[in-house]
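Here's the structure we're looking at; comments come further down.
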Amino acid sequence: MRRRSLLLSAPAGLVTLAACGNDKSGSGSAGDTSSKSPSPTAPATSAAPPPKIVSGPLPAITAGTKFGEKPTVAKGTGTPSKDLAVKTVIAGGGRTVAENDYVQAHYLGQVWDTAKVFDNSYDRKTPLLIQLAQGTIIDGWRYALAGKKVGSRVAFSVPPTWGYGTQGNAQAGIKGTDTLVFVVDVQDAFNSKSSAKGKTAGLNDANLPKVGTNTDGAAPSVDVPKTAAPKKLVAEYVIEGDGPAVKAESTVLVQYKGVLWDGGKEFDSTYKRNQLTSFSLQQVVKGWAQGLTGKKVGSRVLIVIPPSLGYGDNPPPDSGIKKDSTLVFSVDILAAM
């Protein structure tokens, strides 16, 4: 079972980060996932009204009862609720999850009637990183997790109306009449005000851009020196986090701001869009992929990308980037999977 069986579509990247320019192997936007669609794919978000949320019935968790442990869940007995049954099994003390937040969570999903496990992230040892947004994940998750706190274990049952609909999901072994049972451990949550968290690295090189160290969710300042741009890739900590190291094949969740070395003009920013972005490092320009690989989650990283690792003589249309531009980014690595 592939890790994104809950997705309606893969997270979209941004055109200005797409692998293009001198990279002959990449083209199009980072959000172009037509050849990499997740499978099994969930149906389009239902037009049904929000569900009534009830407390049960829900099958018992018989083993793996601690937060973060792979749970074993009993077979459902009797008739499952036609509403969305939700129970907070372990109450966390972190920030409250809201609609459109990104959540990082371990989960197990099984069929009510048979207890057949159709997907779980615990065995992969990699939590899911997903936005609780319409059109991104099945509605049962959106409604069950909104209002819950980070650090919580939540159990819930999802009728077809707020799951995969009457067509079910044949690849996952889910029929159109199946009610699904999930146990979800909410490890973290992020919104458009999330920032790096760690120790200031004390980067103080007069030949490199100076990046602000504020962690209040506002865009940091990026001041480019009036010196010649470096010929090689620069990737340095501004704030060093203490999370796991990003891998070359990781999908990352980031805040970022991009400016041109020549003149310091901003050309892209998640802060201005008021929206985080998530993408695979295999979908972006080489400078991003190489610059973030090995850096720790929670960090703010200064990346200076020479044209050969950026867009070269083929910048994205209407991006404000000229040919052979050196690009400067401040990147907050919020999460990775």
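Couplings for the stretch 259-268, taken from phi via the Karplus curve 6.51 cos²θ - 1.76 cosθ + 1.60 with θ = phi - 60°, read 10, 7, 4, 7, x, x, 6, 6, 10, 7 Hz in order; Gly and Pro are left as x. With 10 Å bins beginning at zero, the pair-distance distribution over Cα atoms of the stretch 68-146 amounts to 15, 45, 36, 4 %. Taking 37 °C and 0.692 mPa s as conditions, the stretch 198-337 diffuses translationally at an estimated 220 µm²/s according to Stokes-Einstein applied to its Kirkwood radius (Cα pairs). In this structure the amide hydrogen of Asp101, modeled in the peptide plane, comes within under 5 Å of the amide hydrogens of Leu132, none closer than 5 places in sequence on its chain.
A simple rule links phi to the HN-Hα coupling: the Karplus curve 6.51 cos²θ - 1.76 cosθ + 1.60 with θ = phi - 60°, which for the stretch 118-124 gives 9, 6, 7, 8, 5, 5, 6 Hz, with x for Gly and Pro. With the Cα gyration tensor of the stretch 98-143 giving a ≥ b ≥ c as the square roots of its eigenvalues, does the rule (a/c under 1.5 for rounded; else a/b larger than b/c for prolate; else oblate) give rounded, prolate or oblate? Judged from the Cα gyration tensor, the stretch 98-143 comes out oblate (a/c at least 1.5, b/c at or above a/b).
Inter-part distance, the stretch 255-330 to the stretch 61-117, computed on C-alpha centroids, equals 38 Å. Working ranking of peptides 265-272, 180-187 by packing, defined as the average number of other Cβ atoms within 10 Å per residue, highest first, is 180-187, 265-272. On a per residue basis, the stretch 142-290 carries 45 Å² of accessible surface, using protein heavy atoms and a 1.4 Å probe.
Note on the stretch 247-337: lysine pairs with Cα distance below 12 Å, sequence gap of 8 or more or different chains, count 5. Computed from the Kirkwood radius of its Cα pairs, the Stokes-Einstein diffusion coefficient for the stretch 154-233 at 37 °C and 0.692 mPa s stands at 183 µm²/s. Straight-line cross-link partners of Lys148 among the aspartates and glutamates, defined as a Cα under 16 Å from its Cα and at least 8 positions apart when in the same chain: Glu99, Asp101, Asp139, Asp185, Asp188. Estimated from the Cβ-Cβ distance and a Förster radius of 45 angstrom, the FRET efficiency linking Asp262 and Ala63 is about 0.15. Each residue of the stretch 326-337 was assigned a 3J(HN,Hα) from its phi angle through the Karplus curve 6.51 cos²θ - 1.76 cosθ + 1.60 (θ = phi - 60°); the sequence is 8, 10, 10, 10, 9, 10, 9, 8, 7, 7, 8, 9 Hz, with glycine and proline shown as x.
Applying D = kT/(6 pi eta Rh) to the stretch 289-337, where Rh is the Kirkwood radius over alpha-carbon pairs, T corresponds to 37 °C and eta to 0.692 mPa s, the Stokes-Einstein value obtained is 274 µm²/s. Nearest 5 is fine: what % of DSSP beta bridges in the chain come out antiparallel, could you say? About 95 percent, rounded to the nearest 5. Between Thr96 and Lys232, full extension at 0.36 nm per residue minus the direct alpha carbon distance yields a gain of 44.7 nm. To the nearest 10 square angstrom, what accessible area does Val224 show with a 1.4 Å probe? Taking all protein chains as shown, Val224 has close to 30 Å².
Calculate what fraction, in whole %, of the accessible area of the chain sits on carbon and sulfur atoms when a 1.4 Å probe is rolled over the protein chains.
49
Can you give the alpha-carbon Rg of the chain over 2.2 N^0.38 Å, where N counts its residues?
So the Cα radius of gyration is 1.07 times the expected 2.2 N^0.38 Å.
The values are calculated or read from the model by the stated rules, or taken from the named source; none is laboratory data. This structure is a prediction, so every number in the text was calculated from the model and none was measured. A quick note on method: Cβ atoms are made from the backbone with ideal geometry, for glycine too, and the neighbour counts reach across all protein chains shown. What goes into the accessible areas is simple: the full protein's heavy atoms, side chains included, and nothing from ligands, DNA or RNA. Shrake-Rupley method; radii C 1.70, N 1.55, O 1.52, S 1.80 Å.
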